[in-house]
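The values are calculated or read from the model by the stated rules, or taken from the named source; none is laboratory data. All values derive from a computational prediction rather than experimental measurement. Ideal geometry is used to build each Cβ from the backbone, glycine not excepted, and the neighbour counts take in all protein chains shown. When the accessible area is computed, the model is the full protein with side chains, heavy atoms only, and any ligands, DNA or RNA have been set aside. Shrake-Rupley method; radii C 1.70, N 1.55, O 1.52, S 1.80 Å.
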Amino acid sequence: MRYLVITRKTALAVFLAVLGLSFALAGVSQRLSARPASAGGGETPVYCVETDEKKLAVTFDAAWGAEDTGELLEILAEFDARATVFAVGDWVRQNPQSVRAFYEAGHTIGNHSDTHKAYGSLALEAQRADMEACSDAVEACVGVRPKVVRAPSGDWNADTVRAAAALGMQAVQWSVDSLDWQGLSAAEMVERVTAAAEPGAILLFHNGVENTPAALREILRILSADGYRFVPVEELLYGADARVDSAGRQYPA
């Protein structure tokens, strides 16, 4: 009888290979969701805006932690930048002080689902109920309901846009991903974001990530020196009668 002998070295190699594959698949999923996907009916979230003005939107997805709230607010104030924080409902309920701090400093609070469920596999009514629960949490905290929503992990379908519209919100993604969620260094993020920034871009960051504050300060310094203004994503968008093409670029009516 033949036996398969697995040494500790072999077992460790297999474990690392499986772990690496898991991270790779997660990364591929996130990168794919950062680009417009095929959606029935032509409904596509806004990824960027067509404009000649040197303005863009700084956005944060907030789903965990809040220890860097003060530092982020200080950096944004230093460059007169107003941002949009896409907050998960659970995060709002757990960190009401941070939500109010962002809001009172002139930043806007967006909807990022209630419990960070993947919207791409949910039907319209399920998405609508989840969005509404998050908006209820935001309203209970700061007194206003979000005007924009971003699907968790960027995973959306045509019903995401429809559900958002039914609740008076615009579905929004991003055109420039800092990749802070991948653990990039501050220098790597600075190079990546400043190279891709353009008028009407929507930049994606996350709160609670180690290198994000340092990268953000340098990114805002460079783009500010280049003449850019930083506005909440709601102010970047055109009105309800605007047109969004299949690539997710929004044009005025």
* Structure fact -> For Lys54, the aspartates and glutamates lying under 14 Å Cα to Cα, once residues fewer than eight places off in the same chain are dropped, come out as Glu198, Asp226, Glu235
* Asked: Using a 1.4 Å probe, how large is the accessible area of Glu53, given in Å² and rounded to the nearest 10?
  -> 90 Å²
* Can you list the aspartates and glutamates whose alpha carbon is less than 16 Å from that of Lys117, not counting same-chain residues fewer than 8 positions off? -> Asp61, Asp90, Glu125, Asp130, Glu132, Asp155, Asp159
* Structure fact -> The answer for the net charge of residues other than Leu216 whose Cβ lies under 11 angstrom from its Cβ, with Lys and Arg +1 and Asp and Glu -1, is -4
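How much FRET efficiency would the formula 1/(1 + (r/R0)^6) give for Glu71 and Ala133, where r is the Cβ-Cβ distance and R0 is 35 Å, rounded to 0.05? Let's see the in-between values first.
Working: r = 29 Å, r/R0 = 0.84.
In this case the efficiency is close to 0.75.
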* Asked: Just the accessible area per residue of the stretch 154-210, please: how many Å² with a 1.4 Å probe?
  -> 35 Å²
* To do: Mind jotting down the distance between the C-alpha centroids of the stretch 88-114 and the stretch 165-217, whole Å?
  => 18 Å
* Asked: DSSP loop GluC sites (Glu not before Pro) in the stretch 181-253 with at most 13 other Cβ atoms within 10 Å of their Cβ, which ones?
  -> Glu210
